[in-house]
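Down below is the structure, laid out as structure tokens.
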Amino acid sequence: MIERYGEDDFYGEVSESYILKAEEELKVTFPRSYREFVKRYGSGGICGVELEGVQGHVGASVVEATKRWRNLGLPMDIIVLEDSGEFVRCMYGAAESDDRVYSWERKGTVLQVRYPTFEAYVLDVFREGIDNL
């Protein structure tokens, strides 16, 4: 899907050093599935669905979005994958060994499981974006 619909909308491959820098800033290790995605694609999206990530020397949108939502009460061991403004899709850091993707609403207190895995999340949101073309 990425090669067909979003190749020009992704930052592209990033080095391990930039990923480590983003993790250090957030004081969390990215889950393996998300880390692999970021390493290959950096950040970007398809058909209006944008995933936060790492943009090499430019910075890291995952860091900016996660810090912004942590200021609103998001737990410190969570990273933001997608920021809709009113809610986020997010994951626990690797220390939790949890590959599920959650929703968390602004001023919320409860994480709600939305997808059983990061892969299921990516496939669903990108398919939805493509279907809405």
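The values are calculated or read from the model by the stated rules, or taken from the named source; none is laboratory data. What you are looking at is a predicted structure, and each value in this text was computed from that prediction instead of being measured. Cβ coordinates were reconstructed from backbone atoms using ideal geometry, including for glycine residues, and neighbour counts include every protein chain displayed. Quick note on the areas: whole protein, heavy atoms, side chains included, nothing else; ligands and nucleic acids left out. Shrake-Rupley method; radii C 1.70, N 1.55, O 1.52, S 1.80 Å.
When LEU133 is tested against (1) crowded, with 19+ Cβ neighbours inside 10 Å; (2) among the aliphatic types (A, V, I, L, M); (3) over 14 Å from the mean Cα position of the chain (by Cα), just one condition goes unmet, and that condition is (1). Would you check if GLU50 is closer than 25 Å to ILE130 by Cα, touching a strand residue (DSSP E or B) at 6+ places or on another chain (Cβ under 6 Å) and open to solvent by 10 Å² or more (accessible area, probe 1.4 Å)? Taking the combined requirement at face value, the residue does not satisfy it.
Quick check: is even one residue across segment 97-113 under 12 Å from the mean Cα position of the chain (by Cα) and of a type in the set (A, V, I, L, M, F, W, C)? For segment 97-113, residues under 12 Å from the mean Cα position of the chain (by Cα) and of a type in the set (A, V, I, L, M, F, W, C): present. May I ask you to list the residues in segment 55-87 that are over 20 Å from PHE10 (Cα atoms), surrounded by 15 or more Cβ atoms within 10 Å (Cβ to Cβ) and of a type in the set (A, V, I, L, M, F, W, C)? Listed by number, the residues that qualify are TRP69, LEU74, ILE78, PHE87. Can you tell me which residue in segment 16-47 is least open to solvent (accessible area, probe 1.4 Å), limited to those that are polar (S, T, N, Q) and modelled with pLDDT of 95 or more? Among those residues, the one meeting the criterion is SER33. A search for C-beta distances below 7 Å between a residue of segment 34-63 that is assigned to a helix (DSSP H, G or I) and any residue that is charged (D, E, K, R), counting only pairs 6+ apart in sequence or on different chains, returns LYS39/GLU13; ARG40/GLU13; SER61/GLU52; VAL62/GLU52; VAL63/GLU25.
For first residues located in segment 115-130 and in contact (Cβ under 8 Å) with a residue 12 or more places away in the chain and over 14 Å from SER33 (Cβ atoms), partners that are small (Gly, Ala, Ser) and outside any helix (DSSP H, G or I) and lie 6+ apart or on another chain with Cβ distances below 9 Å form the pairs VAL125/GLY45; PHE126/GLY45; GLY129/GLY45; GLY129/GLY48.
Among residues that are under 24 Å from TYR11 (Cα atoms) and among the polar types (S, T, N, Q), SER97 is not included. When each of VAL80, VAL49 is tested for being hydrophobic (A, V, I, L, M, F, W, C) and closer than 24 Å to SER17 by Cβ, the lone residue that passes is VAL80.
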